[in-house]
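Please read the structure below before turning to the comments.
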Amino acid sequence: MKKTFPENFLWGGATAANQYEGGYNEGGRGLATSDFITNGSADRPRKITIRLKDGTKTMVNRRPTGDPKIDTIPEGTSGYIDENVYYPSHNAVDFYHHYKEDIALFGEMGFKCFRLSLSWSRIFPKGGIEGEQPNEEGLKFYEDVFKECKKYNIEPLVTLYHFETPAYLAEHFNGWGGRETIDCFLRMCKEVFTRYKDLVKYWITINEINVLNGYAFMGTREATAQVRYQAKHHMFVASALANKLCHEIIPDAKIGCMVALSCIYPKDCKPENAFGALDYRRGALIYSDIMMRGYYPSYSGHFFEEMGVTIKKEPGDDEIIKAYPSDFLAFSYYRSSVYHTEIVQNTDTGGQMGDVNPFVEKTEWGWAIDPVGLRYTLSELYDRYQKPLFIVENGMGTIDKPDENGYVEDDYRIQYFRDHIVEMKKAVTLDGVDLMGYTPWGCIDLVSAGTGEMKKRYGFIYVDMDDEGNGTLKRTKKKSFDWYKKVIATNGEDLSF
Ligand code: BGP
């Protein structure tokens, strides 16, 4: 039995370009679907600004409602930028111009690993359509970032696709709804694997594939179950072929899939609730089942039938998915939730977001705080796949109150991480889970994906910026910065305050 975390455990932190990078119109970058998303709040949904074929400007919900009449964007529509609207992704917290400073801070914390995503349209402004040349300035930017990481012995963990589709692909191929997007994605993959083969050894194909839906996430005009799952099928094929390419170009690299997998409990022992919870969970596990095992699981028949979905496969698709499974399963864990038969959801949540659990505390945004659920999830997944796992997102979004020097005494955050690391350690030492690493979400404050807010903060580092994008962008270490530094230095042994 292991007594502690493995020596080479990858402690670090996680970010994504659309929430962190900024520089949306610099360095030759093309537009992406994320560039048209407004800010919002817990009770004001984020919107997408679009222009219809006849020139009419309007807005649609970023998160589809489940009603095709409301969610469907007519053909010929394009995203557009309204000068009077604030778009949080445009500058985000400006990693684009602060990367040296930020990576130095990560280095000071002792990070072994830093998760970031590539903005696809920075590499190929039109997404990599046939004959398109890559954008050298974009490629050079990430090369500089990775070289900076190397200075501090930080391994980059690179997500190839995180919540943004090149706008050109959305307009011309219906995003992931069109098979052409598979080839474009693979051109981008080939380019970056070749360019960064000596700098990046850890890759993730598609972030939280189970929760993706509609234009903002997949560039599709429709958000129906049929279009969603057809687009996901294209992603499965693309992801498998990216695994193949990665292994051919960088033989010593590891490439994983990524699913949102916060666990689900049945409300009670009523058999319908217990089985219902298991079946609801399949709405998330179907993704890792396909990408880790290499085939659509037997239960997918009834799953698709109930939704009236028929997946159109090309000859050879099943063989591709089978031949190139993921090396590891990366997942996000934030909050457990509860299943019971009365749950009514008007849109597919990818097996996430059941009801609230009365036995655990919640954050200000109503997210359950459940460290035991992390051990539960790790055990569930390792028992199922027996392949390495990687926790690439976990954390607590809160309102931080800095003092006059910008210092935040975030004992609540330390408590949250401490409790989760205790359970994570039990999973490794007692349950025998093969865990590669831990990269808490938003290791530096960044824009919230759900609400577009800045005040929902996750970081060990405070960034001076508000919900409308005002602020100096000054970076200040929070109390949790030194605490996490000590945790890393002792390989998770010293968790004291
Ligand atoms: C996950 C996403 C991240 C991140 C996180 C926290 O779903 O992969 O991009 O944002 O959730 O969510 P939020 O930013 O809404 O608090």
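The values are calculated or read from the model by the stated rules, or taken from the named source; none is laboratory data. Bear in mind the structure is a predicted one, so any value in this text is a computation, not a measurement. Reconstructed Cβ throughout: ideal geometry from the backbone, glycine too, with neighbour counts over all protein chains shown.
Identify all residues within the range 12-40 that are β-branched (Val, Ile, Thr) and under 14 Å from residue 94 (Cβ atoms); write none if there are none.
Passing the criteria: only 15.
Would you point out which residue out of 406, 366, 351 is small (Gly, Ala, Ser), crowded, with 20+ Cβ neighbours inside 10 Å and under 30 Å from residue 444 (Cβ atoms)?
None of the other options fit; the residue is 351.
Return the residues of the range 103-112 that are surrounded by fewer than 24 Cβ atoms within 10 Å (Cβ to Cβ) and more than 28 Å from residue 35 (Cβ to Cβ); say none if nothing qualifies.
104, 107, 108, 110, 112
For the range 52-100, how many residues are among the hydrophobic types (A, V, I, L, M, F, W, C) and in a loop (DSSP other than H, G, I, E, B)?
Qualifying residue count, the range 52-100: 6.
Looking only at the range 343-355, decide whether some residue is assigned to a loop (DSSP other than H, G, I, E, B) and at pLDDT 95 or above.
No, the range 343-355 contains no residue that is assigned to a loop (DSSP other than H, G, I, E, B) and at pLDDT 95 or above.
Look at the range 142-159 and say how many of its residues are in contact with a Ser or Thr (Cβ under 7 Å, 6 or more places away or on another chain) and of a type in the set (S, T, N, Q).
Total meeting the criteria: 1.
Report, by residue number, each residue of the range 151-173 that is within 16 Å of residue 109 (Cβ to Cβ), of a type outside the set (A, V, I, L, M, F, W, C) and part of a strand (DSSP E or B).
155, 156
So, in the range 372-407, how many residues would count as being assigned to a helix (DSSP H, G or I) and within 20 Å of the chain's Cα centre (by Cα)?
Number of matching residues: 5.
Return yes or no: is residue 462 among the aromatic types (Phe, Trp, Tyr), touching an Asp or Glu at 6+ places or on another chain (Cβ under 7 Å) and outside any loop (DSSP other than H, G, I, E, B)?
Judged against the criteria, residue 462 is a match.
Of these, 342, 319, 314, 364, which one is among the charged types (D, E, K, R) and within 15 Å of the ligand (Cβ to nearest atom)?
Every option except 364 fails the conditions.
Which of (1) more than 16 Å from the ligand (Cβ to nearest atom); (2) under 30 Å from residue 431 (Cα atoms) is the odd one out, the single condition residue 13 does not satisfy?
All conditions pass for residue 13, except number (1).
Within the range 409-434, track down each residue that is crowded, with 21+ Cβ neighbours inside 10 Å and not β-branched (Val, Ile, Thr).
Hits for the range 409-434 are 410, 413, 416, 417, 420, 424, 427.
Taking the residues in the range 442-497 that are away from the ligand (no atom under 16 Å from the Cβ) and among the polar types (S, T, N, Q) as candidates, determine which candidate is nearest to residue 90 (Cα to Cα).
Result: 470.
Could you tell me which of the residues 333, 376 is within 16 Å of the ligand (Cβ to nearest atom), at pLDDT 95 or above and not hydrophobic (A, V, I, L, M, F, W, C)?
Criteria check complete, one pass: 333.
How about the range 201-269: which strands (runs of 3 or more DSSP E) wholly inside it have at least 3 residues that are under 18 Å from the mean Cα position of the chain (by Cα)?
In the range 201-269, 202-206, 254-260 are the strands (runs of 3 or more DSSP E) which contain 3 or more residues that are under 18 Å from the mean Cα position of the chain (by Cα).
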